[in-house]
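To start, the structure itself, in structure tokens.
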Amino acid sequence: MSLPNELYNSKFAEYIESLKILYLVDDKFKTMCDEYCNSKANSEKYRKKFEKDFRHKLEYENLSKELEEEILIYLIRKE
């Protein structure tokens, strides 16, 4: 069983050998690490979703502003 990729990071770098051993032999530690990995994966998933949703929100806000101006221009010209 190999170590999950999320555990290969700079915060754990100096402890990597101990981390590998404990991950294999200590079930409580493995569970903690697996929860950490799940949390990191979910955090990344929602960060990407938020960025995507935020981009769409900005696009629609900009479109709304442009359309407001178009409507006002149209109304003014029709008076």
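Over all directions, average the projected area of the Cα convex hull of the chain and note it in nm².
Details: hull surface 29.3 nm².
Approximately 7.3 nm², given one-decimal rounding.
Using the Cβ atoms and a cut-off under 13 Å, what net charge is assigned to the surroundings of SER64, where Lys and Arg are +1 and Asp and Glu are -1?
Details: positive: LYS57, LYS65; negative: GLU59, GLU61, GLU66, GLU68, GLU69, GLU70.
Result for the local shell: -4.
Please report Rg (one decimal) and Dmax (integer) in Å for the Cα set of the range 34-79.
Cα-based Rg and Dmax for the range 34-79 come out at 19.8, 67 Å.
Please calculate how many Å² of accessible area the chain carries per residue, with a 1.4 Å probe and no DNA, RNA or ligand atoms counted. Kindly include the intermediate steps, with their values, before the conclusion.
Details: 7200 Å² over 79 residues.
With the other protein chains kept in place, the chain gives 91 Å² per residue.
Angle check, please: helix 27-78 long axis (alpha carbons) against the longest principal axis of the chain (alpha carbons), in degrees 0 to 90, nearest 10.
10
The values are calculated or read from the model by the stated rules, or taken from the named source; none is laboratory data. All figures in this text were calculated on a predicted structure; none of them were measured in a lab. Please note: Cβ atoms are built from the backbone with ideal geometry, for glycine as well, and neighbour counts cover all protein chains shown. With ligands, DNA and RNA removed, areas are computed over all heavy atoms of the protein, side chains included. Shrake-Rupley method; radii C 1.70, N 1.55, O 1.52, S 1.80 Å.
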